[in-house]
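> Take a look at this one; I'll ask things after.
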Amino acid sequence: MKLVRALGSVGGLTLASRVLALVRDSLAARYVGAGFASDAFNGVAFRLPNMFRALFAEGAFSAAFIPLFNKKAAGDGGLPAGYDFAERALAVLLPVLILFTLILLAAAWPITWALSGGFARQNPTADQFAYAVTLSRITIPYLALISLASLLGGILNSLDKFWVNAAAPILLNVAMIVGLWFFHGADEYETARVQAISVTIGGALQLLWLILACRRAGVTIRLKRPRFDSDVRELLRRVIPAAAGAGASQINLLISTALSGWLLASGSITYIYYADRLNQLPLGLIGIGLGTILLPTISRMLSKGQDAQAMETQNRGIELALFLTLPATVAFLVVAEPIVRGLFQYGRFTAEDAMRCGWALSAFSIGLPSYVLVKVLTPGYYARGDTKTPVRYAMLSILINIIGNLAMIPTLGHVGPPLATALSSTVNVAMLYTTLVKRGHFSADEGLRRRIPRLALAALIMGAALWAGEDLLDPWLTGSMVQRYLALALLVGAGVALYGLASFVTGAYRLSDIQALMRRKHAH
């Protein structure tokens, strides 16, 4: 099955990137800890590039560009017509990005204040706040670099070269690991500055990688004079609403971070950041991979009138999403703190920091299935040219998130923002799913309806076993680095094996399903 093979390729590379991100974050916890310097980097300087990448590179631009590119390439002009459209899009995108970057650099002070809530509870000195602004200015150029990379990545995805684009984030993590390992400073402030510099270097490496990959694939995009023709206007018309629709979870997280900086004490932003990074591991492996594959696949099927195949593909997408996210959700609920201890608790990151971060991770994980399902369901809208409906639902979920934050922070502290984000994302998915069904664009088939409750039961069986065996691994999780990683590998390996076995015991998957999958694989 093409969907499984493509997800394996994209997911494997994304997994490699996310594992490297965990190594990066472990080094950051060791050398920077959880205080003002880490909050300034994680909550502002790195939050802005991460948010923009999710909104633009992984969300809005891809959602708007890929269906239009495929439409041009499927027409009488073939691929040359698609490349011509890409050149016209680049001609408008490049000057806009340059202007946007200059504006952000000039407005770094108010942007830093807005993203952090002014760090009101931390009461920073003028020098500390100026330091946070400087970190923001260092990372802002990354936004233009990753946006240009997203255009080239969109072309390669449309040509079914998914792996090239999926490999690009590895370069960012390598750049940051090299910076932290070889160039960390004498204190946390110097080291956080090194992190910021590494972000922009990583963005340049990502863009260079995709330029070289396009050349190898025979794709040559030339610079032209900007013209706002009908195709470019249609692209821009789709980008703006798609930004909010595809990036609702990022906008929710941004609001949560700002409210945390305003209402919570030092270190809270860092707890939320590290918890989110762990939560992003399955999301990156599954959600982004599925979203990357489903949008061009479904848009191509619909352009050929293959509506039944498009619906079957989306059913399998939801099935894969739940098969992979339900066990991660249960694991993060029952063994969050041991996982955080094993990864981050050494150097400047204390046992209390690990405990508080574990609470935030458990809260985030409640919404993990919905974070992924947003990526699976929105292509059903974008492939049909509808970017307005997802944005309406995203705006409603953002409103729910703000209300949830304001209600929960006074009582739950730093656990409030992750929990509010999870609940608002769940509401967003419910609205997206219901509307697709009402329009006749989606219907859960017999296979999906049969598997969902069985997969949930298998995940619960796995969770009970992990909870019972947690104490056996606990001494190893605070030992040497080798002991920690061995214990974590054993924990993950045991969870995977138990869940796989439970999936067969509960009947979620049968031997005939595996045999059918292998027959399809050999048939292609």
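The values are calculated or read from the model by the stated rules, or taken from the named source; none is laboratory data. Everything numeric here is computed off the predicted structure, so don't read it as measured data. Positions of Cβ are generated from backbone atoms using ideal geometry, with glycine treated the same way; all protein chains shown enter the neighbour counts.
> Somewhere in region 428-438, is a residue within 24 Å of Val334 (Cβ to Cβ) and surrounded by 20 or more Cβ atoms within 10 Å (Cβ to Cβ)?
Yes.
> I would also like to ask the following. Select the helices (runs of 4 or more DSSP H) contained entirely in region 79-174, then report the ones holding at least 1 residues which are modelled with pLDDT of 90 or more, surrounded by 19 or more Cβ atoms within 10 Å (Cβ to Cβ) and touching a Lys or Arg at 6+ places or on another chain (Cβ under 6 Å).
108-116
> Let me ask you something else. Quick check on my filter: what residues within region 2-42 are surrounded by fewer than 22 Cβ atoms within 10 Å (Cβ to Cβ), of a type in the set (Val, Ile, Thr) and either in contact with a Phe, Trp or Tyr (Cβ under 8 Å, 6 or more places away or on another chain) or modelled with pLDDT of 85 or more (or both)?
The one that is surrounded by fewer than 22 Cβ atoms within 10 Å (Cβ to Cβ), of a type in the set (Val, Ile, Thr) and either in contact with a Phe, Trp or Tyr (Cβ under 8 Å, 6 or more places away or on another chain) or modelled with pLDDT of 85 or more (or both): Val23.
> Considering only region 289-336, state which residues are of a type in the set (D, E, K, R) and either at pLDDT 80 or above or assigned to a helix (DSSP H, G or I) (or both).
Once the filter is applied, which keeps residues that are of a type in the set (D, E, K, R) and either at pLDDT 80 or above or assigned to a helix (DSSP H, G or I) (or both), region 289-336 yields Arg300, Asp307, Glu312, Arg316, Glu319.
> Going by the conditions given, is Ala430 among the aliphatic types (A, V, I, L, M) and either farther than 23 Å from Gly385 by Cα or outside the structural domain of Leu320 (by TED's automatic domain parsing) (or both)?
no
> Tell me whether region 47-61 contains one or more residues that are closer than 21 Å to Lys224 by Cα, assigned by TED's automatic domain parsing to the domain that holds Ser256, of a type in the set (Phe, Trp, Tyr) and modelled with pLDDT under 80.
Yes, there is a match, as at least one residue in region 47-61 is closer than 21 Å to Lys224 by Cα, assigned by TED's automatic domain parsing to the domain that holds Ser256, of a type in the set (Phe, Trp, Tyr) and modelled with pLDDT under 80.
> Kindly indicate whether Arg193 is at pLDDT 90 or above, among the basic types (Lys, Arg) and in the same structural domain as Arg392 (by TED's automatic domain parsing).
Answer is yes for this residue.
> Going by the structure shown, is Tyr371 in contact (Cβ under 8 Å) with a residue 24 or more places away in the chain, in the same structural domain as Val415 (by TED's automatic domain parsing), of a type in the set (Phe, Trp, Tyr) and not in a helix (DSSP H, G or I)?
Judged against the criteria, Tyr371 is not a match.
> Shifting gears a bit: List every residue pair whose Cβ atoms lie under 6 Å apart, where the two residues are 6 or more positions apart in sequence or sit on different chains, the first residue falls within region 34-46 and is in contact (Cβ under 8 Å) with a residue 24 or more places away in the chain, and the second residue, located anywhere, is surrounded by fewer than 24 Cβ atoms within 10 Å (Cβ to Cβ) and acidic (Asp, Glu).
Pairs that qualify, where the first residue is in contact (Cβ under 8 Å) with a residue 24 or more places away in the chain and the partner is surrounded by fewer than 24 Cβ atoms within 10 Å (Cβ to Cβ) and acidic (Asp, Glu), are Ala34/Asp353; Ala37/Glu188.
> Quick check: is even one residue across region 337-356 assigned by TED's automatic domain parsing to the domain that holds Gln280, among the β-branched types (Val, Ile, Thr), outside any helix (DSSP H, G or I) and at pLDDT 85 or above?
yes
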